[in-house]
Amino acid sequence: MFESLNDGLTAAFKTLRGKGKLTEANMRDGLALVERSLLEADVSYQVVQDFMAAVGEKAMGQKVMLALDPSEHLVGIVRDELVEILGPVDPSFDLRGDVTTLMLCGLQGSGKTTSCGKLARLLLNSKARPMLVAADLQRPAAIDQLHVLGEQLGIPVYSDRETKDPVKVCQDAVRRARDEGADVVILDTAGRLAIDQELMDELSRIDKRVGPDQCFLVVDGMTGQDAVNSAQAFNEALELDGVIMTKLDGDARGGALLSVKHVTGVPIKFIGTGEQLEALEPFRPEGMAERILGLGDILGLVHTAQQIVDEKEQQELQQRMEEGSFSLEDFKGVLTKFSQPGLMKKMVGLMPGMGGLTDMMDQADADGDVKRLVGIVDSMTPDERRRPKLIDASRRSRIARGAGVEMGQVTDLIKQFNTMAPIMQSMAGKGPLARMQAVKELQHSGMLDPGAQAPRVKKGTGKRMSPRQRAQAKKQRDKALRRQRRSLRGRNAGG
Amino acid sequence: MGLFDRIKRGLEKTATVLSTDIRDLFKAEGRLVDDAFLGEIFAILVKTDMGGGPATEIRDQIRTEFRGRVIQMSDAFAVIKRKVGELLAQPPQPLRFAETGPTVIMVVGVNGSGKTTSIAKLATLCKNQRKSVVLGAADTFRAAAVEQLTVWSQRIGVDIVTGAANSDPASVAHRAVAKAVEENADVCIIDTAGRLQTQVNLMRELEKIQRVVRAQIPTAPHEVLLVLDATAGQNGVSQARGFSDAAGCTGIVLAKLDGTAKGGVVIPIRQQFDLPVVFVGVGEQPDDLVVFDVEPFVDALFAEV
């Protein structure tokens with residue numbers, strides 16, 4: 001997700017990085033690149049203008065010259081501003097009393113019906129009893145589609161093929177909800193064009209007469225500049241309470257979200273990240289902003305990891321990571337855990353600066369690969385799993401035969417493991433903030449350039465110096481440094 | 001106002017006049033082409049979804065041609081329209097029909113772009129040309145997609161071949177083409193499930209459908225149409241790339257152009273992939289599919305100016 005925007009921004013900040021000081025001139029270049037990047041990400045022109053003005057103003061007021069790393073300073077400002085625009089969030093449904101009514105609206109093809117199903121799944125997970133209502137009487141077979149979803153979820157679907165009046169369908173449905181044992185009613189309304197006044201009127205009639213507790217606007221993540229216009233139209237016709245953005249599992253940059261937020265001002269509730277009914281996630285502006293900026297989202301990573309690995313297992317894993325005894329066997333375990341569809345790629349996408357890696361995984365077909373990787377590890381002896389260094393050419397060819405793969409794939413797996421292990425080790429046993437720091441260090445070391453070799457994790461030398469010894473060592477280092485400088489200066493003067 | 005200020009103002013006026021192009025001196029009204037003016041032009045260009053690249057290119061051309069002059073907005077847009085027209089220029093693109101036997105048209109696109117509705121319109125178009133049509137409902141994935149196309153086939157009055165939910169789409173495509181061959185139909189239109197261009201496995205499925213179709217008619221599919229949502233932004237470029245790579249698209253159907261969206265993303269697509277727009281969807285009725293024509297499209301891009 002967002003790699004494309006990510007790539008653009010990474011490029012923009014690279015031009016700032018390494019220039020030492022952030023001058024007004026090079027900040028202007030950097031900001032211009034950010035602006036271009038945002039436009040390429042489909043953020044509406046006006047919103048980009050406002051955003052750039054705000055960022056420029058904030059940056060100018062600060063003593064950026066004194067900042068240790070000026071580019072980080074600017075990253076911080078851009079990020080904060082993005083977070084400010086996108087937040088605050090509130091992923092709750094605000095279920096109250098007897099029956100809560102949720103209404104979904106949006107343009108044709110934005111993904112309303114699928115989102116209805118995903119919302120229902122989410123509600124089921126939180127022990128609510130949802131019911132779907134087919135209020136889309138326009139599109140052929142929309143009612144059938146909702147019934148299929150209802151069957152998959154095992155929840156009631158209300159439809160009335162006799163009437164042509166969606167207001168009546170919704171009113172009847174809400175009345176019927178209690179008999180069906182439902183406590184949340186989800187209205188799937190017909191898709192429409194923003195400029196179709198007749199259909200917009202119909203929508204606001206449902207809004208007024210049925211009075212849904214929450215009304216969500218569903219927006220296609222691939223929407224371009226028009227997002228402003230359609231959001232405006234829906235915002236005027238209805239009392240919106242939240243936004244759901246769909247189709248963010250592709251390479252869409254999702255900049256329309258900024259535009260929609262800017263226009264409607266209502267919280268962004270969820271994002272759709274796949275075709276499965278489970279693929280609806282609570283929206284987090286920090287995650288989005290940091291993803292946009294290439295910082296990734298360690299918190300999201302941790303959050304997802306916690307959902308998958310149970311606590312005890314996690315502690316064991318953590319311990320092994322800290323000890324550096326994380327083996328291929330553990331690697332396999334983690335891979336298997338992540339091998340549910342789409343998850344692997346999502347996880348890697350969440351890692352900062354790993355945009356390039358997800359591209360590679362796209363080509364490599366991530367989910368299918370996991371099975372192959374597990375097969376390779378299974379073909380190894382326990383010794384080899386613990387110490388991959390043992391694996392020489394003849395062992396490699398044996399493993400490849402055993403797993404039914406090319407020898408190169410065995411080599412690739414070991415390389416992959418060698419890259420992942422130090423990252424995991426360096427992040428283990430640290431809080432979220434320390435993890436961020438660890439990843440930042442990794443970024444600086446150029447590690448996150450895919451294809452680059454992993455840095456070695458510092459291991460204890462077994463010797464610990466007393467404060468006094470440390471002070472002495474420092475003194476010596478400084479002395480050596482001074483001498484070096486002096487000799488350098490002398491050479492310069494001489495030459 | 002003091003005397004000094006008066007003189008100063010007078011001089012300012014002269015200075016403006018002096019820096020004005022002689023051709024514009026006697027124009028009653030107009031705008032000086034300065035940074036603010038160019039900014040406005042850029043905003044209008046970007047709002048068509050043509051993307052920052054082409055917008056910058058065109059703005060810079062306006063700058064070189066008119067910088068420092070006083071012109072009417074309409075002068076600038078005459079140039080812009082000409083330039084965009086050139087970018088989009090294409091030979092007339094009628095559908096290519098097979099010389100003998102059925103013509104196979106495959107329709108691809110991302111989820112919700114408007115494939116099924118576009119197919120209904122395409123079938124209507126063919127039927128109006130007195131061609132017999134067989135539809136292949138190879139979107140076996142999305143719930144009730146088959147039903148949706150079946151409803152359309154009944155409304156239009158054309159044959160349809162369907163398969164069970166989640167069955168192999170290639171087998172549906174195979175049977176649709178077989179039926180078209182057997183009944184000597186003129187056109188066979190194959191619907192496919194919506195997919196994001198980044199989903200490698202699903203993109204491979206498109207290749208499989210093509211292989212299966214080709215096994216029966218070696219020259220098929222004769223057309224592979226990418227349905228692009230006119231509201232799409234710059235991701236449209238990625239869609240064009242992904243679907244062209246996997247399915248060898250021959251043209252674009254620009255759907256949902258009846259809203260406020262401009263569909264300007266076809267400009268960078270045309271620049272990068274030479275993929276022509278064949279049809280434009282302009283409404284919700286089966287007849288609302290028109291052959292793409294550059295001039296009215298460009299006029300509509302800048303209709304509000």
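The values are calculated or read from the model by the stated rules, or taken from the named source; none is laboratory data. If you're wondering where the values come from, they're calculated on a predicted model, not measured in any experiment. In this analysis, Cβ positions are derived from the backbone assuming ideal geometry, glycine residues included, and neighbour counts consider all displayed protein chains. The area values use the complete protein model at the heavy-atom level, side chains included, leaving out ligands, DNA and RNA. Shrake-Rupley method; radii C 1.70, N 1.55, O 1.52, S 1.80 Å.
Summary table below
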{"read-out": "Residue among B:254, B:275 that is modelled with pLDDT of 95 or more and within 18 Å of residue B:115 (Cβ to Cβ)", "value": "B:254"}
{"read-out": "Pairs with Cβ under 9 Å, 6+ apart, first in segment A:133-148 and in contact (Cβ under 8 Å) with a residue 24 or more places away in the chain and more than 7 Å from every other protein chain (Cβ to nearest Cβ), second small (Gly, Ala, Ser) and assigned to a helix (DSSP H, G or I)", "value": "A:133/A:173; A:133/A:177; A:134/A:142; A:134/A:173; A:135/A:173; A:136/A:142; A:146/A:117"}
{"read-out": "Lone unmet requirement of (1) modelled with pLDDT of 90 or more; (2) over 22 Å from the mean Cα position of the chain (by Cα); (3) not in a loop (DSSP other than H, G, I, E, B) for residue B:131", "value": "(3)"}
{"read-out": "Flag if residue B:210 is touching a strand residue (DSSP E or B) at 6+ places or on another chain (Cβ under 8 Å), open to solvent by 10 Å² or more (accessible area, probe 1.4 Å) and either at the interface with chain A (Cβ under 10 Å from one of its Cβ atoms) or assigned to a helix (DSSP H, G or I) (or both)", "value": "yes"}
{"read-out": "All helices (runs of 4 or more DSSP H) inside segment A:388-450 with 3 or more residues being modelled with pLDDT of 80 or more and surrounded by fewer than 19 Cβ atoms within 10 Å (Cβ to Cβ)", "value": "A:393-403, A:407-427"}
{"read-out": "Of residues in segment A:40-54 being over 23 Å from the mean Cα position of the chain (by Cα) and of a type outside the set (Gly, Ala, Ser), the one nearest to the other protein chains (Cβ to nearest Cβ)", "value": "A:45"}
{"read-out": "Within segment B:262-272, tally of residues that are more than 10 Å from the chain's Cα centre (by Cα) and open to solvent by 10 Å² or more (accessible area, probe 1.4 Å)", "value": "2"}
{"read-out": "The lone exception for residue B:239 - which of (1) closer than 22 Å to residue B:44 by Cβ; (2) open to solvent by less than 10 Å² (accessible area, probe 1.4 Å); (3) within 12 Å of chain A (Cβ to nearest Cβ); (4) outside any loop (DSSP other than H, G, I, E, B) it fails", "value": "(1)"}
{"read-out": "Selection from segment B:149-182 of residues that are within 14 Å of another protein chain (Cβ to nearest Cβ) and either free of Cβ contacts under 8 Å to residues at least 24 places away in the same chain or within 22 Å of residue B:217 (Cβ to Cβ) (or both)", "value": "B:149, B:150, B:151, B:153, B:154, B:160, B:162"}
{"read-out": "Which listed residue is within 12 Å of another protein chain (Cβ to nearest Cβ), more than 25 Å from residue A:144 (Cβ to Cβ) and without any contact (Cβ under 8 Å) to a residue 40 or more places away in the chain, from A:229, A:235", "value": "A:229"}
{"read-out": "Members of segment B:256-299 that are on the phi > 0 side of the Ramachandran plot and in contact (Cβ under 8 Å) with a residue 60 or more places away in the chain", "value": "B:256, B:263"}
{"read-out": "Test result for residue A:258, within 14 Å of chain B (Cβ to nearest Cβ), hydrophobic (A, V, I, L, M, F, W, C) and within 25 Å of residue A:87 (Cβ to Cβ)", "value": "yes"}
{"read-out": "Filtered residues of segment A:211-226 (kept if open to solvent by 10 Å² or more (accessible area, probe 1.4 Å), more than 7 Å from chain B (Cβ to nearest Cβ) and part of a loop (DSSP other than H, G, I, E, B))", "value": "A:211, A:212, A:213"}
{"read-out": "Members of segment B:46-76 that are touching a residue at least 60 places away in the same chain (Cβ under 8 Å) and either crowded, with 18+ Cβ neighbours inside 10 Å or assigned to a loop (DSSP other than H, G, I, E, B) (or both)", "value": "B:47, B:48, B:49, B:50, B:51, B:54"}
{"read-out": "Output for segment A:166-200, where each listed residue is open to solvent by 10 Å² or more (accessible area, probe 1.4 Å), part of a loop (DSSP other than H, G, I, E, B) and over 29 Å from residue B:112 (Cα atoms)", "value": "A:178, A:179, A:180, A:181, A:183"}
{"read-out": "The lone exception for residue B:275 - which of (1) open to solvent by 20 Å² or more (accessible area, probe 1.4 Å); (2) of a type outside the set (Ser, Thr, Tyr); (3) more than 13 Å from chain A (Cβ to nearest Cβ) it fails", "value": "(1)"}
{"read-out": "Cβ pairs under 7 Å, 6+ apart, first in segment A:272-301 and more than 21 Å from residue A:110 (Cβ to Cβ) and among the basic types (Lys, Arg), second open to solvent by 10 Å² or more (accessible area, probe 1.4 Å) and at pLDDT 60 or above", "value": "A:284/A:89"}
{"read-out": "Residue that is most open to solvent (accessible area, probe 1.4 Å) [pool: residues in segment A:98-120 that are farther than 27 Å from residue B:259 by Cα and away from every other protein chain (no Cβ under 14 Å)]", "value": "A:98"}
{"read-out": "Residue check for residue A:267: closer than 17 Å to residue A:83 by Cβ, touching a Phe, Trp or Tyr at 6+ places or on another chain (Cβ under 7 Å), more than 12 Å from every other protein chain (Cβ to nearest Cβ) and modelled with pLDDT of 90 or more", "value": "no"}
{"read-out": "Looking only at segment A:37-54, and only at residues there that are among the hydroxyl-bearing types (Ser, Thr, Tyr) and under 15 Å from residue B:53 (Cβ atoms), the one that is surrounded by the most Cβ atoms within 10 Å (Cβ to Cβ)", "value": "A:37"}
{"read-out": "Residue within segment A:140-150 that is more than 31 Å from the chain's Cα centre (by Cα), closer than 25 Å to residue A:275 by Cβ, at pLDDT below 90 and not hydrophobic (A, V, I, L, M, F, W, C) present", "value": "yes"}
{"read-out": "Any hit, segment B:113-122, residues being in a loop (DSSP other than H, G, I, E, B) and either more than 12 Å from chain A (Cβ to nearest Cβ) or open to solvent by less than 10 Å² (accessible area, probe 1.4 Å) (or both)", "value": "yes"}
{"read-out": "Filter result for the condition that a residue is open to solvent by 30 Å² or more (accessible area, probe 1.4 Å), modelled with pLDDT of 90 or more and out of contact with any Asp or Glu (no Cβ under 6 Å at 6 or more places or on another chain), over B:125, B:38", "value": "B:125"}
{"read-out": "Residue match in segment B:130-138 (condition: open to solvent by less than 10 Å² (accessible area, probe 1.4 Å), at the interface with chain A (Cβ under 9 Å from one of its Cβ atoms) and in contact with a helix residue (DSSP H, G or I) (Cβ under 8 Å, 6 or more places away or on another chain))", "value": "no"}
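Residue-wise test of (1) within 30 Å of the chain's Cα centre (by Cα); (2) of a type in the set (Lys, Arg); (3) open to solvent by 30 Å² or more (accessible area, probe 1.4 Å).
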site	(1), (2), (3)
A:123	yes, no, no
A:130	yes, no, no
A:135	no, no, no
A:161	no, yes, yes
